[in-house]
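Worksheet for the structure shown next.
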Amino acid sequence: MKLEDLRKIENEEERVKAAYEIMDETYRLSTKATQVEFLTTVRQDEMSR
């Protein structure tokens, strides 16, 4: 599946699931900068609840 194909999926849950199948999150989060980005996002989300 290509990124262009994701736009064709109308159901948001299915679209997100498909996106995670084609993207390598482990690799993306392998640097300190991306780990900080991830932790910041998670903490902001937790604080907004």
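Angle between the Cα long axis of helix 32-47 and the longest principal axis of the chain, 0 to 90 degrees, nearest 10? Approximately 90 degrees, to the nearest 10. Stretched out straight at 0.36 nm per residue, the stretch from Glu10 to Asp24 would grow longer than its current Cα-Cα span by 2.8 nm.
In the chain, taking the dipole from charged Cβ atoms about the Cα centre, the farthest positive-side position among Ser48, Leu6, Gln35 is held by Gln35. Across the chain, the convex hull enclosing all Cα atoms gives 95 Å³ per residue. Dipole size of the chain about its Cα centre, with +1 on Lys/Arg Cβ and -1 on Asp/Glu Cβ: approximately 200 debye, rounded to the nearest 20. Taking each residue as 0.36 nm, the span from Lys17 to Thr31 lengthens on full extension beyond its C-alpha to C-alpha distance by 2.7 nm.
Just so you know, all these numbers are worked out from the coordinates, no wet-lab data involved. Note that the structure is a prediction, hence the values are computed from the model and not measured. Counting neighbours? That spans all protein chains shown, and the Cβs are built from the backbone with ideal geometry, glycine included.
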